[in-house]
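The values are calculated or read from the model by the stated rules, or taken from the named source; none is laboratory data. Because the structure is predicted, anything quoted here is derived from the model rather than measured. FYI the Cβ positions are ideal-geometry reconstructions off the backbone, even for glycines, and counts take in every protein chain you see.
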C-alpha cells in the first residue's frame with residue numbers, strides 16, 4: 001500500500017470516528033436539567049423499556065394535567081421542543097412530554113426504524129403514561145406522519161393532533177436515490193452521527209406513506225395543520241393533501257405561514273405557539289363540557 005493510501009485511510013477513519021461521536025444532535029440530561037433550572041422550570045428525565053428497547057423522554061408540568069406530547073423530525077431529539085416545554089402558559093395547563101424517537105437522542109441511538117415501528121412504540125408509550133386526561137400530539141416534519149399514523153391506528157388514544165410542516169403525502173416525496181449509497185456496506189459509516197438513522201428512515205418513508213394513505217380516513221380527532229409556503233424540504237402542498245384525506249376528522253384547521261421555511265417551530269415560534277394554544281384551548285373547553293354537561 002502506498003503512502004498516500006495510508007493517509008487517505010487515516011483521514012476516512014478519523015472522519016468516521018469524529019462524525020459518529022460529534023454529530024449526535026442530542027442534549028445530555030444534566031445539561032438539560034441545568035438549563036431548565038435556570039428558568040425555574042423542573043425537568044424530569046427518564047427512560048422506559050418498551051419492546052426490549054430503551055425509550056428516552058423528558059417531562060415538564062404537573063402529572064395531573066392533560067398531556068401534550070411532542071414528536072421530533074429527522075434527524076432530531078426531544079430538545080427540538082424545549083422552548084415549548086419552558087413556556088409558562090403551557091406549563092400551567094399541560095403535562096408536557098418530549099420524546100427521543102427510536103434511533104435518536106438516547107433512544108437506541110443509531111438503530112433506525114420505519115414509520116410503523118415508531119407508531120407502535122409511541123402508542124405503547126402513551127398507554128403506559130396514561131393519567132386519565134386528554135392526550136394531544138404535536139409532530140414536526142417526520143414527526144408529522146408519526147402522529148398522524150398514531151391517530152389513525154389508535155384513535156382512542158388521541159384527543160387532537162398538531163401537524164407542523166408534516167411530510168404526509170407519498171406523491172410529494174422526492175425519489176432521492178442518493179440515499180441508498182449510505183445505507184449498506186462501508187459507505188454507511190460516511191453518514192455522520194444522527195444523519196445515519198435519519199437517512200435510513202427517510203429512504204423508506206415514501207413506501208410507508210403509501211401504506212398510511214388508506215388509514216387517514218380513520219382519523220376522527222380534531223386536527224391543526226401549520227405549514228410554510230416556502231418550505232423547501234417538505235412541500236407546502238402536503239397540507240392540502242392531508243386536509244383532503246381527513247374526511248372523518250371532527251375538525252380540520254389550517255394556519256398558512258406566508259414565506260415561511262421548514263423550520264417553523266423555531267423561526268415562527270410565536271405564531272406556532274399562539275395558534276397551538278388557541279387550538280388546544282378550544283379542545284380543553286370541549287373536554288370540560290363532556291365531563292360536566294350541566
> Of all the residues that make up the stretch 59-102, how many are more than 20 Å from residue 165 (Cβ to Cβ) and out of contact with any strand residue (DSSP E or B) (no Cβ under 9 Å at 6 or more places or on another chain)?
Replying inline: 3
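Looking at this structure, is residue 79 in contact (Cβ under 8 Å) with a residue 24 or more places away in the chain and within 20 Å of residue 270 (Cα to Cα)?
Against the criterion (in contact (Cβ under 8 Å) with a residue 24 or more places away in the chain and within 20 Å of residue 270 (Cα to Cα)), residue 79 qualifies.
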>> Can you find a residue that is outside any helix (DSSP H, G or I), out of contact with any helix residue (DSSP H, G or I) (no Cβ under 9 Å at 6 or more places or on another chain) and modelled with pLDDT under 75 anywhere in the stretch 181-193?
In response: yes
> Considering only the stretch 65-114, how many residues are under 20 Å from residue 40 (Cβ atoms) and in a loop (DSSP other than H, G, I, E, B)?
Replying inline: 4
> Can you tell me which residues in the stretch 235-281 are in a loop (DSSP other than H, G, I, E, B), in contact with a helix residue (DSSP H, G or I) (Cβ under 9 Å, 6 or more places away or on another chain), free of Cβ contacts under 8 Å to residues at least 40 places away in the same chain and surrounded by 15 or more Cβ atoms within 10 Å (Cβ to Cβ)?
Replying inline: 246, 249, 260, 261
> Within the stretch 123-137, restricting attention to residues that are touching a helix residue (DSSP H, G or I) at 6+ places or on another chain (Cβ under 6 Å) and in a helix (DSSP H, G or I), which residue is farthest from residue 203 (Cα to Cα)?
Replying inline: 126
>> Show the residue pairs meeting these rules: Cβ distance below 9 Å; 6+ apart or different chains; first residue within the stretch 25-53 and in contact (Cβ under 8 Å) with a residue 12 or more places away in the chain and on the phi > 0 side of the Ramachandran plot; second residue surrounded by 15 or more Cβ atoms within 10 Å (Cβ to Cβ) and in a strand (DSSP E or B).
In response: 25/104
> In the set 101, 95, which member is without any contact (Cβ under 8 Å) to a residue 60 or more places away in the chain, closer than 16 Å to residue 145 by Cα and either under 13 Å from the mean Cα position of the chain (by Cα) or surrounded by fewer than 24 Cβ atoms within 10 Å (Cβ to Cβ) (or both)?
Replying inline: 101
>> Only one of 28, 98, 47 is modelled with pLDDT of 95 or more, under 22 Å from residue 119 (Cα atoms) and out of contact with any helix residue (DSSP H, G or I) (no Cβ under 9 Å at 6 or more places or on another chain). Can you tell me which?
In response: 47
> So which residues in the stretch 153-164 are buried (at least 22 other Cβ atoms within 10 Å of the Cβ) and either closer than 14 Å to residue 209 by Cβ or without any contact (Cβ under 8 Å) to a residue 40 or more places away in the chain (or both)?
Replying inline: 163
>> For the stretch 116-128, which positions are crowded, with 20+ Cβ neighbours inside 10 Å and over 11 Å from residue 50 (Cβ atoms)?
In response: 118, 119
> When only residues in the stretch 218-234 that are outside any strand (DSSP E or B) and either buried (at least 18 other Cβ atoms within 10 Å of the Cβ) or at pLDDT below 95 (or both) count, which is nearest to the chain's Cα centre (by Cα)?
Replying inline: 234
